[in-house]
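No value in this document is a laboratory result; all are computed from the given coordinates. The structure displayed is predicted, hence computed values, not measured ones. Don't worry about glycine lacking a Cβ; one is built from the backbone with ideal geometry, like all the others, and counts go over all protein chains shown.
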Amino acid sequence: MATTITEKQNGGSAGSAEEIEVFNPATGKLVTTLPACSPEQVVEMVARARRAQVAWHELGFEGRGKILRRAQKWLLDNSDRVLDTVVSETGKTREDVAVAELGYMCAAFGFWAKKAPKYLAEEKLRSSSPFLIGRKLMVRYEPVGVAGIIGPWNYPLSNSVGDAIPALAAGNSVIVKPSSVTPLSSLLMEEGLRECGIPDGVFQVLVGRGPIGLTLIDEVDFVMFTGSTETGKTVMERAAKTLTPVSLELGGKDPLIVLADANLERAANSAVYWSMQNAGQTCISVERVYVEEPVYDQFVSLVTDRVRSLRQGVPGGFGSVEVGSFINPPQADIVEAHVEDAVKKGARVTTGGKRLEADGAFFQPTVLTGVDHSMECMTEETFGPTLPVMKVADVEEAITLANDSPYGLQASVYTRDLEKGEAVARRLHAGTVTVNDTVANYSALEVPMGGWKTSGVGVRHGADGIRKYAKRQTILLTRFALNKELYQFPYAAFRSELLVKFVKLLYGRGDRS
Ligand code: NDP
């Protein structure tokens, strides 16, 4: 008898610990069942990855880049299969997959293949220390070895395999543990990379429920994790036992600020798109809006009209619906609780507000007004298709409220005065702030993206987005030198006094008033 999605949500009477059932959340139908890896298998996978890594590293940037560029082409040649697979296990619209998964992955394969040699190039440096005259200094990068990537269900390609690409480009083997809710997209990429000629063991996918991630953390040399702040803490704690470095991309509660002089049409369109795209399940989606009082009513009317017109349902071909289902059905409970809590405390639902009765897991695209920071919808990550809009007296109140959060992933500001926009951006406590745009930075793979506060540790993208997968080594070369340095044994008072005089001479000059 087929397992139903309700059984799965309840922990599953069907489905043993050894198997993973993958459902289409939009229809509630079982897509497939996969065997889950045991801890012993994880240890074997890492050993295989370690053996394969040596030759992969020796291929050099060019050899690895060739395979990564082939993967880019493979994605394009197999785009329908990729779209079908992601849609089948997420219930997302085809457009959401095309833009943020297929588009991102194609860009990332090309970007890291091209930029890895530059970001990981050896650097020659000069020291300002007079004690090092005549020395050559250089910094070089060695791959960490085996990188473990633990991904969430919201972007099964971009947030799992996407993070594997810089790790591979840097010369590492990678093991991706996708969310057990959405393992099929990663498995498809494993097949694709194999077809592109990636050597055996260099890229592997570990299918299993959350806790198997702990075994992976014990075995690998670096952990990249994307997911909730709570699980992120568990990951960091576990990694501390082996002093394994981690990079964590965690939750967010991203604010969008609308100033009175903003282009309201653009601000409203951005707020609606970036709160409802991917059914609101994006770590950097708009989770709360602050609008200056003079334009509040107009803004509310604009976003309400737009949200009301969104079509929601089981995604079909391109153009069928704007909003799909929840990817992980239990998420509906969190979203419903946040809306109910807000309404109980006096908020108004201008459109939506209810869970849909359907086989899949759907919550109506919802706009909430009259909200404040006593409500969960303004302080906790909702991760669903909701848009709470709060009236503020002025920009100062907007900044104070935007910063009143344990999270600090991203933020956006809308104003026609760019100087003012930049000044506001500099005062917001977030890893990235966009002015008259939202999330646009994510396409700029050249710039770091990461959270402040409980939104994360480390970054993806930019030079640090690949250097984190490498060990740094400093080499100092001394060609000509005395037989003995002045400061070495045996200590003699006159030499020590001379040294102190020298230090005073060096560092004692200059105006420090
Ligand atoms: P988690 O953070 O628990 O899951 C992320 C990844 O971690 C998954 O692969 C998961 O596996 C794995 N995992 C779970 N437990 C452990 C563990 N003990 N050790 C190692 N790995 C583990 O996300 P949830 O699915 O629980 O979602 C909870 C909330 O997190 C959501 O409501 C949402 O608010 C937020 N979230 C944020 C995301 C973001 O991009 N910032 C993405 C997803 C969720 P498995 O799925 O198999 O359990």
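P(r) for the chain, from all Cα pairs and a bin width of 10 Å, is 4, 18, 25, 23, 15, 8, 4, 2, 0, 0 %, short bins first.
Extension gain for the segment Trp452 to Asn483, taken as residue separation times 0.36 nm less the Cα-Cα distance, is 6.2 nm to one decimal.
At 10 °C and 1.306 mPa s, grab the translational diffusion coefficient of region 365-454 from Stokes-Einstein with a Kirkwood Rh over Cα pairs, rounded to a whole number in µm² per second. The estimated diffusion coefficient comes to 112 µm²/s. Rounded to the nearest 10 degrees, the inclination of helix 104-119 to the longest alpha-carbon principal axis of the chain is 10 degrees. Can you tell me the orientation of helix 293-308 relative to the chain, as the angle in degrees between its alpha-carbon axis and the longest Cα principal axis, to the nearest 10? Around 70 degrees separate the two axes. This model, with +1 at the C-beta of Lys and Arg and -1 at the C-beta of Asp and Glu, gives the chain a dipole about its Cα centre of some 2660 debye.
Region 300-341 to region 359-422: how many Å between their Cα centroids? That distance is 17 Å. Peptides 432-441, 133-142 ordered by packing proxy, namely the average of other Cβ atoms within 10 Å per residue, highest first: 432-441, 133-142. Geometric descriptor of region 51-112, per residue, is 90 Å³ (volume of the convex hull of the Cα atoms).
Placing unit charges on each Cβ (+1 for Lys and Arg, -1 for Asp and Glu) gives region 255-443 a dipole about its Cα centre, and among Ala271, Gly408, His429 the Cα reaching farthest toward its positive end belongs to Ala271. Which angle from 0 to 90°, rounded to the nearest 10, does the C-alpha axis of helix 60-77 make with the longest principal axis of the chain? Long axis of 60-77 versus the principal axis of the chain: about 10 degrees.
For region 255-443, evaluate the Debye formula with one uniform point scatterer on each Cα (no solvent term) and list log10 I(q)/I(0) at q = 0.10 Å⁻¹, rounded to two decimals. Each listed q corresponds, in turn, to -0.36. With both labels modelled 7 Å from their Cα along Cα-to-Cβ, the Thr33 to Lys241 distance reads 3.1 nm. Among Val389, Val161, the ranking by other beta carbons within 10 Å of each residue's beta carbon, starting with the fewest, stands as Val389, Val161.
In plain terms, the chain from Tyr507 to Glu62 could stretch by 155.6 nm, reckoned as 0.36 nm per residue minus the Cα-Cα distance.
Give me the distance between the Cα centres of region 201-236 and region 138-160, rounded to whole Å. After rounding, the separation between the Cα centres reads 10 Å. Once the Cα-Cα distance is subtracted from the 0.36 nm per residue extended length, the Asp333 to Arg472 segment shows a gain of 45.5 nm. Cα convex hull of region 227-316: how many Å³ per residue? Given the Cα convex hull of region 227-316, per-residue volume reads 138 Å³. In the chain, a dipole from Cβ-located charges (positive for Lys and Arg, negative for Asp and Glu) runs towards its positive end, and of Asn328, Ala107, Thr242 it is Thr242 whose Cα lies farthest in that direction. For region 442-513, the Kirkwood estimate of the hydrodynamic radius, built from every pair of different alpha carbons, is 17.8 Å.
With 10 angstrom as the radius, rank Met189, Met45 by how many other C-beta atoms surround their C-beta, starting from the fewest.
The order, fewest Cβ neighbours first, is Met45, Met189.
Listed from fewest to most Cβ neighbours within 10 Å, the set Cys283, Cys377 follows the order Cys283, Cys377.
For region 372-378, backbone phi angles converted through the Karplus equation (6.51, -1.76, 1.60; θ = phi - 60°) give residue-by-residue couplings of 8, 7, 7, 9, 4, 5, 9 Hz, Gly and Pro being listed as x. The fraction of all Cα pairs in region 159-251 landing in successive 10 Å bins from 0 to the largest distance is 16, 51, 29, 4, given as whole percents.
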